[in-house]
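Just below is one structure, and these are the notes that go with it.
The values are calculated or read from the model by the stated rules, or taken from the named source; none is laboratory data. Remember, it's a predicted structure, so these values are computed and weren't measured experimentally. Methodologically, a virtual Cβ is constructed for each residue, glycine included, from the backbone with ideal geometry; neighbour enumeration extends over all protein chains shown. To get the accessible areas, we keep the full protein, side chains included, count just its heavy atoms, and leave off ligands, DNA and RNA. Shrake-Rupley method; radii C 1.70, N 1.55, O 1.52, S 1.80 Å.
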Amino acid sequence: MNIGILALQGAVQDHKNKFSELGTNTIEVRRSGDLLNLDGLILPGGESSTMLKLLNKNELWSELHSFIKTKPSWGICAGLILIAKSVHSPQQKSLGVLDVDVERNAYGRQLDSFITNDLVFNNNGKQSTTEGVFIRAPKINRIGADVKTTVTHDNQPVMVESNLTLGSSFHPERSEGHIYHKYFLEKIRHINE
Ligand code: GLN
């Protein structure tokens, strides 16, 4: 299995480490040709407005859009902002593939970033509590009819998914363990069955 990691900017290395610990190959994606032969794609955290500029500069927009419409993808924090249907505070262009509305920096500024041990993860009916690292995270303010909530914090959605796409406002690559990276790989296997 080959997992691409959008590597224009942001938290690329921590995802590479997680997948390598799971024995999964990763490919850094900077140009449209890098999207060939991928089974799934990570859009990592970072700064979504900067990523938008680099997507245009690298002429990646339309191929990336086609990829995430047809193949499994996981947007994390800034990556979630990039794939959301609509983006507020401030408004910003997005790829619009995951039917959610997000509000940028809704938990506050850098100093308000926090770690909680109270995430509730519903893994296909099996519930567990996990750590969540929130760094200038967006809030998910609306969820479309075909989107379900997989993880909550204070009863608010912080990880959601559609048939093909996963989006989380927290950073699982910053926590110990592989629970969410495994979940993404299992989702890909399930899609390919
Ligand atoms: N606040 C950033 C943005 O709006 C996202 C932060 C992150 O990815 N950790 O793009």
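Relative to a virtual label point 7 Å from the Cα of H88 in the Cα→beta-carbon direction, which members of the range 155-175 show backbone nitrogen distances below 20 Å?
It comes to 155-161, 167-170, nothing else.
Explain nothing, just the number: dipole magnitude of the chain about its Cα centre with +1 on each Lys and Arg Cβ and -1 on each Asp and Glu Cβ, in debye rounded to the nearest 20. Could the numbers behind the result be given before it?
Details: 21 positive and 21 negative charges, 76 e Å.
Its charge dipole is roughly 360 debye.
Measure off 7 Å from each Cα along the Cα-to-Cβ vector at E131 and Y107, then give the distance between these two points in nanometres to one decimal.
1.4
Which one, S20, N123, A84, is farthest towards the positive end of the dipole of the range 1-128 when Lys and Arg carry +1 and Asp and Glu -1 on their Cβ?
Of S20, N123, A84, it is A84.
When only alpha-carbon atoms are used, what values of Rg and Dmax, in angstrom, describe the range 2-192?
Final numbers for Rg and Dmax: 15.0, 43 Å.
For the range 2-192, with all protein chains present and a 1.4 Å probe, just round the carbon and sulfur fraction of the accessible area to a whole percent. Present the calculation step by step, with values, prior to reporting the outcome.
Numbers: 3910 of 8870 Å².
Answer for the range 2-192 is 44 percent, counting heavy atoms of protein chains only.
Extension gain N122-N2, at 0.36 nm per residue separation less the Cα-Cα distance, in nm?
So the chain would gain 40.6 nm between N122 and N2.
Provide the descending list of Cα extents for the range 36-105 along its principal axes, expressed in whole angstroms.
Largest first, the range 36-105 extends 36, 25, 17 Å along its Cα principal axes.
Hey, what's the range 2-192 come to in accessible area per residue, 1.4 Å probe, Å²?
Accessible area per residue: 46 Å².
Which lysines have a Cα less than 26 Å from the Cα of K139, not counting those fewer than 8 places away in the same chain?
Within the straight-line cut-off, K139 pairs with K16, K18, K53, K69, K71, K85, K93, K126, K148, K182, K187.
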